[in-house]
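Report on the following structure.
Just so you know, all these numbers are worked out from the coordinates, no wet-lab data involved. What you see is a predicted model; the values in this text were computed from it and never measured. As a convention, Cβ positions derive from the backbone with ideal geometry for all residues, glycine included, and neighbour counts pool all protein chains shown.
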Amino acid sequence: MKPLKTGASPRTVVLTGSSLTIGELVAVSRQDLPVDIGPESMEAIGRSRHLVDLWGRSGKVIYGVTTGFGEMVQWLIPPDYEKELQENLIRSHAANVGDAFPREVVRAVLLLRLNCLSQGHSGVRVETVKTLLGMINEKVHPQIPELGSVGASGDLSPLAHAALVACGEWFAEYKGEVLPGSEALHRAGIRKLDLGYKEGLALINGTSVMSAVGALLIHDADTLIKTA
């Protein structure tokens, strides 16, 4: 993420994976600016996904794609279980507790996860990115409990709650009402995800939550310094 910029906000924040500013993050989080992903990034996402599918179907040994996780790495996972492997990963990691993060933090979290995926390095499908885009633009906000992230391998636990909503599980706020994830997506006209190779891992392995909180704090501190 680039340093804070001042001045008028754009009408739409277009993600490329390398151009997002703190000012744009604040505009999306607090002013509900719409978000899109640039065409070059979409092409990069498609190219990397093609390789993941090719390698997964060929039986190539890839951690977390055709193998289990952690100490289960010695187990090879048949292609028929690709969806179950990824879904079980996010279900097992959705263990945060406490009050839900404020709406603005959740929007910043979704934006930063999208910004990371838009680099085209994570191997997710284009439709997966479009589901997350739909959630942020249609204002489907996952209920992410505040407490539980260790941060050692990223914000695995809180991001798992967000990923569950994308899959039609857990709970989300939509138009002021907390609903089951499936109902929130349905009302917003967003198709729930059926995860493929690597996608559960890609959705939760990152520092999007701590970065979201930090970026908003940096913006507010900068504003206070300038007005003091």
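Of ALA162, ALA100, ALA184, which has the largest mean-square fluctuation in a 10 Å C-alpha GNM of the chain?
Judging by the Gaussian network model, the answer is ALA100.
Report the one residue of LEU51, VAL126, VAL28 whose Cα lies farthest in the direction of the positive end of the charge dipole of segment 1-135 (charges on C-beta: Lys and Arg +1, Asp and Glu -1; origin at the Cα centre).
Final value for the positive-end residue is VAL28.
Take the alpha carbon atoms of segment 82-113, find their center, do the same for segment 42-62, and report the distance between the two centers in whole angstrom.
For segment 82-113 versus segment 42-62, the Cα centre distance is 24 Å.
Given R₀ = 35 Å, what would the calculated FRET efficiency be for ASP80 paired with LEU217, taking r from the Cβ atoms and rounding to 0.05?
0.20
Subtracting the Cα-Cα distance from 0.36 nm times the residue separation, let me have the gained length for LYS175 to ASP99 in nm, one decimal.
25.5 nm
So which DSSP H runs in the chain come out at 24 Å plus along the axis (Cα) with average Kyte-Doolittle of at least 0.5?
Sorted by number, the helices that extend far enough and score high enough are 208-227.
Counting pairs of alpha carbon atoms under 8 Å apart in space and at least six apart in sequence, what relative contact order in percent does the chain give? Please report the intermediate quantities before stating the final value.
Working: 406 pairs, mean separation 53.2, N = 228.
Contact order relative to length: 23 percent.
Once you put a point 7 Å from the Cα of VAL126 and another 7 Å from the Cα of VAL73, both along the Cβ direction, what distance in nm separates them?
The two pseudo-label positions are separated by 3.4 nm.
When a/c is below 1.5 the answer is rounded, else prolate if a/b is larger than b/c, else oblate, so apply that to segment 129-228 with a ≥ b ≥ c taken from the square roots of the Cα gyration tensor eigenvalues. Working shown, then result.
Details: a/c = 2.23, a/b = 1.45, b/c = 1.54.
Oblate shape, in that a/c is at least 1.5 and b/c is the bigger or equal ratio.
Along the Cα-to-C-beta direction of ILE62, a point sits 7 Å from the Cα; which residues of segment 115-130 have their amide N less than 13 Å from that point?
Correct set: 121-125.
Can you list the aspartates and glutamates whose alpha carbon is less than 12 Å from that of LYS130, not counting same-chain residues fewer than 8 positions off?
Result set, ordered by chain and number: ASP36, GLU138.
Show me the three semi-axes of the equivalent ellipsoid for the chain, from the C-alpha gyration tensor (sqrt of 5 times each eigenvalue), largest first, rounded to whole Å. Mind showing how you got there, number by number?
Working: eigenvalues 171, 74, 58 Å².
Its equivalent ellipsoid spans semi-axes of 29, 19, 17 Å.
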